[in-house]
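Chemist: Before we start, here is the structure in question, set down as structure tokens.
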Amino acid sequence: MRRFPLLAAATFTLFFSCSDETTVYEDPNNNNNLRLESNENILESSIVYDEAGVLDILDEATITGKFASSSKVQPAGDYPLTLVAQVDVPSFQGGQNLTASHVVVDGDYAYVSYNTVDANFVGAVDIVNVKNPTNPRVTSRLYYTNADINAIAYDNGYVYLAGGVDSELSVTATANSFVAKIMVYNGRFDLDSGITYGFQEGYNATDVEVVANKVIVTSGQEGFVRVYNKSDLSTIVEAPYLDLRAVAANESNIAVLDASAGVSILDQSLNTIKDIAIDSDFGVNTKRTLDFYGENIIVSEGSKGAGVYNGSNGSFVEYIPILLDPETVDDSDVVTNAVATNEDVLLMANGGAGLCLSENKDTSADTSLVGIIQLEGSINFVASKDDYIFAASGLEGLQIIKLNRPDESLVARCSDLIAYSGSANLNVNGGENLSFRGSKRFNSLNIGGSLLLCGSWTVKENVNINQDALFEMNGTFVVGRNNRKRNVNVNNGAKLRVEGNLTIYGDLVLNDGATIEFIGENSVANIFGRVIRNGDTNVSGTFRDVRNKFQ
């Protein structure tokens, strides 16, 4: 995770109005240290699909080799995740070593911050339109050549940035830590409206939250938690701490993480309600996060993983450890940098150890490890909203992941079916007629008879619908990956019926006499390879052809 340096060689030369605490950047056109990316081709090419497709999850049994040493058949896995796309890390003159540091999602947009891994102060911010998950777009990009951007928040038409600058080399910055307020409109930065800045003591601003009419910012060693007025970034109240790393807030309370002591739960006036002592090594000048998790507070505690504490009485609940991929990872990179929650899902950004997914089932008081999502890069931060996960993975940029949760109405329509709990390699013999509902990850699918799947499903390898067989899917069905393409083969006389979303990272092969039928008015076909029609084949029904492969 990004280390926050005390000093750097960059110079902060923005022009400000004459206030010690609140400053306005007056003339964006006459400053070389802050600029917008104007080349639309660069923004468009920032979205990459090289590794898009089905994501594997290495579970504890696989990592420890239990399946390899037993004769048991590997079951189909829960959480059929897919990687939708990645956003490449920005690169510009003087900023060739950026890493994704933070992401926040609001409405149709994801807002991504970037900082540097070295001692220089250089950063950037992206706005990514994620309204159509099959076609994300970078709509605006802002470069800072003299400031790190370590955290980001969005509220009601404004982006709020927390970062660092070297005040000793600046004639205007009154402290190393800053917060900036920038207007955005229709997914684009509006610099003509000016940028409002606030400065506070502390080596580097580490986190920012916006709640109601307040902006809350933490700064690191010898810093403060400070509450600003959202309208003009004037100071309302502040409190000193030795080594603040993060802030979280809900309707009534504010929680801050002090690496020297633990978590403090505060009221809106920053009076201490309760202290939760934590004896963990949070590292030197490294950012960690915390979040409210139902009635608990979950804290990223570096090499210990994630600690869960009761928010009411401060008692320790459990540690969620870091699962290790069998491949070698440097010990210093095996740290929990950030945590995020989404309903019963808990996500841990574990640096070089990857992105770990756990779940909290209603039948258990404890959190159960599911496994490591197979992503590239060092996972610095994670956010999750609705059916998506957004992972800031260092040099690999932003990774957009779809959870593929079954639609509730779909589950209701298929409620008379039994839930699938069989092998990861599903084989339907000729003459068999099988139907299942659920949400699973398959390795392979081979259909000789008839199969109906209702729900959300992914398949890592090929799908074969053999001669005269029938495969019907209702919901979401994803096959292959863009860097490891796999095909769906519909053979002679076979039929594929689609009601919902069909995505294939590979080819759809329709052999002589094969049929693909789309049901309803809202079905979608997203084929990354080709649609190959060998002989007399039939395509019928109404559907949206995302990549125009049926023409």
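The values are calculated or read from the model by the stated rules, or taken from the named source; none is laboratory data. Because the structure is predicted, anything quoted here is derived from the model rather than measured. Here the Cβ positions follow ideal geometry from the backbone for every residue, glycine too, while neighbour counts run over all protein chains shown.
Chemist: Just give me the residues in region 173-195 being in a strand (DSSP E or B), under 22 Å from Val122 (Cβ atoms) and not basic (Lys, Arg), in sequence order.
Modeler: Within region 173-195, Ser177, Phe178, Val179, Ala180, Ile182, Val184, Phe189, Ile195 meet the criteria.
Chemist: How do the strands (runs of 3 or more DSSP E) wholly within region 85-147 filter down when requiring 1 or more residues that are at pLDDT 95 or above, among the basic types (Lys, Arg) and buried (at least 19 other Cβ atoms within 10 Å of the Cβ): which remain?
Modeler: 137-144
Chemist: Say we look at region 390-427 and pick out the residues that are among the hydrophobic types (A, V, I, L, M, F, W, C) and surrounded by fewer than 16 Cβ atoms within 10 Å (Cβ to Cβ); which of these is farthest from the chain's Cα centre (by Cα)?
Modeler: Filtering region 390-427 for residues among the hydrophobic types (A, V, I, L, M, F, W, C) gives 390-392, 395, 398, 400-401, 403, 410-412, 414, 417-419, 424, 426.
This time we only want the ones that are surrounded by fewer than 16 Cβ atoms within 10 Å (Cβ to Cβ), so: 395, 412, 418-419.
Numbers: Leu395: 14, Ala412: 29, Ile418: 32, Ala419: 29 Å.
Checking each candidate, the answer is Ile418.
Chemist: Test Asp190 against the stated conditions and say whether it is surrounded by fewer than 19 Cβ atoms within 10 Å (Cβ to Cβ), among the acidic types (Asp, Glu), free of Cβ contacts under 8 Å to residues at least 40 places away in the same chain and out of contact with any Phe, Trp or Tyr (no Cβ under 8 Å at 6 or more places or on another chain). Before you say what the answer is, go through the steps one by one.
Modeler: On the way: surrounded by fewer than 19 Cβ atoms within 10 Å (Cβ to Cβ): yes; among the acidic types (Asp, Glu): yes; free of Cβ contacts under 8 Å to residues at least 40 places away in the same chain: yes; out of contact with any Phe, Trp or Tyr (no Cβ under 8 Å at 6 or more places or on another chain): yes.
Yes, satisfied.
Chemist: Being touching a Ser or Thr at 6+ places or on another chain (Cβ under 7 Å) and modelled with pLDDT of 95 or more, is that true of even one residue in region 189-198? It would help to see each step written out before you state the result.
Modeler: Initially, region 189-198 is screened for residues touching a Ser or Thr at 6+ places or on another chain (Cβ under 7 Å), giving 189, 196-198.
With the extra rule that they be modelled with pLDDT of 95 or more, the set shrinks to 189.
For region 189-198, residues touching a Ser or Thr at 6+ places or on another chain (Cβ under 7 Å) and modelled with pLDDT of 95 or more: present.
Chemist: Residue by residue through region 340-377, note down the ones that are within 15 Å of the chain's Cα centre (by Cα), on the phi < 0 side of the Ramachandran plot and at pLDDT below 85.
Modeler: The answer is Asn350, and nothing else.
Chemist: I've got another one for you. Out of all the residues in region 513-536, which are surrounded by fewer than 17 Cβ atoms within 10 Å (Cβ to Cβ), within 28 Å of Asn132 (Cα to Cα) and in contact with a strand residue (DSSP E or B) (Cβ under 6 Å, 6 or more places away or on another chain)? Break it down into steps so the answer makes sense when it comes.
Modeler: Initially, region 513-536 is screened for residues surrounded by fewer than 17 Cβ atoms within 10 Å (Cβ to Cβ), giving 515, 517, 520-522, 524, 530, 532, 534-536.
Remaining after also requiring within 28 Å of Asn132 (Cα to Cα): 517, 520-522, 524, 530, 532.
Passing the criteria: Glu517, Gly520, Val524, Ile532.
Chemist: Okay, moving on. Going through Gly294, Gly314, Gly223 one at a time, which residue ends up being of a type outside the set (A, V, I, L, M) and buried (at least 23 other Cβ atoms within 10 Å of the Cβ)?
Modeler: Numbers: Gly294 fails: buried (at least 23 other Cβ atoms within 10 Å of the Cβ); Gly314 fails: buried (at least 23 other Cβ atoms within 10 Å of the Cβ).
Exactly one residue qualifies, and that residue is Gly223.
Chemist: Within region 185-218, track down each residue that is aliphatic (A, V, I, L, M) and within 25 Å of the chain's Cα centre (by Cα).
Modeler: Of the residues in region 185-218, the ones aliphatic (A, V, I, L, M) are 191, 195, 205, 208, 210-212, 215-217.
Scanning region 185-218 gives Ala205, Val208, Val210, Val211, Ala212, Val215, Ile216, Val217.
Chemist: Could I ask something else about it? Residues of region 219-236 being within 15 Å of Val179 (Cβ to Cβ), touching a residue at least 24 places away in the same chain (Cβ under 8 Å) and assigned to a strand (DSSP E or B), which ones? It would help to see each step written out before you state the result.
Modeler: From region 219-236, those within 15 Å of Val179 (Cβ to Cβ) are 219-220, 223-236; that's our starting set.
Subset that is touching a residue at least 24 places away in the same chain (Cβ under 8 Å): 219-220, 223-228, 230, 232-235.
Scanning region 219-236 gives Ser219, Gly223, Phe224, Val225, Arg226, Val227, Tyr228, Thr235.
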